[in-house]
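A short worksheet on the structure shown next.
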Amino acid sequence: MINTEAMVAETATKIYTDLCGREIPHQAEAGQYPQALWDALAESGLPLAWVSEDNGGFGADYDEVFGAIWASAQAASPVPFAETLVANWMLDRAGLAPADGTASFALSGPTPAADIPFGMHADKIVLFDAAHHEIALFDNRLATRSPEESLSPDGMTQFVFSGHLAEQSAKTELTRRAFEAMILTVRAVQMAATMESALNLSIDYVSQREQFGRPLSKFQAIQHQLALAASECAAATMAATQAASAIAGNADDPARAWHEAVIAKVQIGHSIEAVTVPFHQVHGAMGYTQEYDLHHYTRRLWAWRDALGNEHLWSKRLGSELAATSPDQVWKGVTSGQWAAS
């Protein structure tokens with residue numbers, strides 16, 4: 001589940017309320033990094049929430065931390081909070097000390113390079129080499145940073161691991177499947193929270209904006225568009241909640257939450273197209289301006305939809321696996337969450 005009322009989530013919400021007002025994402029995109037926001041998060045220990053107590057963290061429950069991630073996404077946070085949480089979780093799984101400062105993550109692939117979210121602001125990069133069951137920590141500040149084109153206001157850079165020496169590395173029992181389950185669930189939570197914020201922004205706008213002597217919210221066409229968007233947002237929230245619950249229930253082996261994570265990524269990927277169009281349409285020209293807040297949410301949604309593989313890629317992977325599974329096992333997985341081992 002996503003616990004937005006526990007102490008970890010409440011602490012994050014208060015920090016974002018106090019230090020991440022609507023002007024902060026605009027300032028960040030203009031080049032003014034909100035260091036005070038990150039310092040407050042770091043001082044509270046929140047980036048270490050998933051790190052075990054023996055390793056300097058406080059081993060918070062997964063559902064509480066998902067609540068903090070939810071708060072960060074709703075605030076359109078321009079600091080790598082979720083990325084640092086995942087990076088430190090990876091290091092902890094390998095028995096390594098957490099990163100000093102901001103961090104982001106990467107999964108090894110066919111090339112020695114990776115596109116890193118928040119690459120211009122992440123001090124460290126944590127690489128999961130699934131083929132060799134190894135996790136390594138790199139200093140991103142020593143790398144040549146090449147900004148990549150990205151729809152997200154957070155941006156990304158390309159990090160070339162070839163030729164860079166790791167600060168520390170260790171073998172891990174973490175599997176690629178477990179890693180995928182975690183990062184897909186984190187993104188699902190972020191996307192669902194961002195969709196809800198964009199929906200609320202749209203509802204507020206049509207409630208206040210008047211045309212022909214009455215609020216836009218009184219027009220049936222507007223009501224229809226937002227009703228459809230609200231239903232998609234509800235579906236996204238349910239998918240993200242299911243995935244988060246699966247991770248929380250399988251903390252020792254996140255790989256067992258892989259199906260729910262993939263289903264959430266696919267569902268929310270489809271929902272994003274269905275909601276971002278009416279969000280911009282009901283705002284009219286206002287929704288397309290740089291000064292207005294809406295694009296800080298919709299651009300992140302479009303970027304996150306494609307990051308880590310879009311819904312079409314994951315649909316194929318999930319479909320191929322389920323096609324090789326007996327129908328009774330598929331039904332058991334859908335109804336109980338107990339999927340056949342893969």
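The values are calculated or read from the model by the stated rules, or taken from the named source; none is laboratory data. Because the structure is predicted, anything quoted here is derived from the model rather than measured. Reconstructed Cβ throughout: ideal geometry from the backbone, glycine too, with neighbour counts over all protein chains shown. What goes into the accessible areas is simple: the full protein's heavy atoms, side chains included, and nothing from ligands, DNA or RNA. Shrake-Rupley method; radii C 1.70, N 1.55, O 1.52, S 1.80 Å.
For segment 1-121, with the dipole built from +1 on Lys and Arg beta-carbon atoms and -1 on Asp and Glu ones, taken about the Cα centre, which of 37, 24, 65 lies farthest toward the positive end?
24
Taking the mean number of other Cβ atoms within 10 Å as a proxy for protection, how do you rank 191-200, 49-58, 76-85, 282-291 from highest to lowest?
76-85, 191-200, 49-58, 282-291
For the chain, I need the span (max minus min coordinate) of the C-alpha atoms along each principal axis, in Å, sorted largest to smallest.
Here the spans come out as 67, 54, 39 Å, largest first.
Can you tell me the mean projection area, over all orientations, of the convex hull of segment 192-342's alpha carbons? Units nm², please.
10.4 nm²
So what is Rg over Rh here for segment 28-87, counting just Cα atoms and using Kirkwood for Rh?
0.99
Calculate for the chain the 222 nm mean residue ellipticity that helices alone would give, adding -39,500 (n - 2.57) per DSSP H run of length 4 or more and normalising by residue count, nearest 500 deg cm²/dmol.
Result for the chain: -17500 deg cm²/dmol, rounded to the nearest 500.
Between segment 282-316 and segment 117-190, how far is it from one alpha carbon centroid to the other, in angstrom?
Here the two parts' Cα centres lie 22 Å apart.
Can you give the Rg to Rh ratio for segment 237-285, taking only C-alpha atoms and Rh from Kirkwood?
Ratio value, two decimals: 1.22.
First compute the accessible area of segment 1-125 with a 1.4 Å probe, then give the percent of it belonging to carbon and sulfur atoms.
50 percent
About its Cα centre, what dipole magnitude does segment 1-129 give when the only charges are +1 on Lys and Arg Cβ and -1 on Asp and Glu Cβ, stated in debye to the nearest 20?
Roughly 260 debye, rounded to the nearest 20.
Binning every alpha carbon pair distance of segment 98-146 at 10 Å from zero, what are the percents per bin?
26, 58, 16
Accessible area per residue of the chain at 1.4 Å probe, in Å²?
Roughly 45 Å² per residue, with all protein chains present.
Would you mind checking 171/316; 171/265; 14/124; 14/316; 124/265 for any pair whose Cα atoms are more than 32 angstrom apart?
14/316
Can you tell me the Rg and the Dmax, both Å, for the Cα atoms in segment 46-145?
13.4, 38
What per residue convex hull volume, in Å³, comes out for segment 97-222 when only alpha-carbon positions are used?
157 Å³
Would you mind telling me the share, in percent, of accessible area of segment 183-342 contributed by carbon and sulfur at probe 1.4 angstrom?
Result for segment 183-342: 55 percent of the exposed heavy-atom area is carbon or sulfur.
Expressed as a rounded percentage, what relative contact order does segment 25-177 have, with Cα pairs under 8 Å and six or more residues apart?
19 percent
Quick one: if you take sqrt(5λ) for each eigenvalue of the C-alpha gyration tensor of segment 278-319, what semi-axes come out, biggest first, whole angstrom?
29, 11, 5
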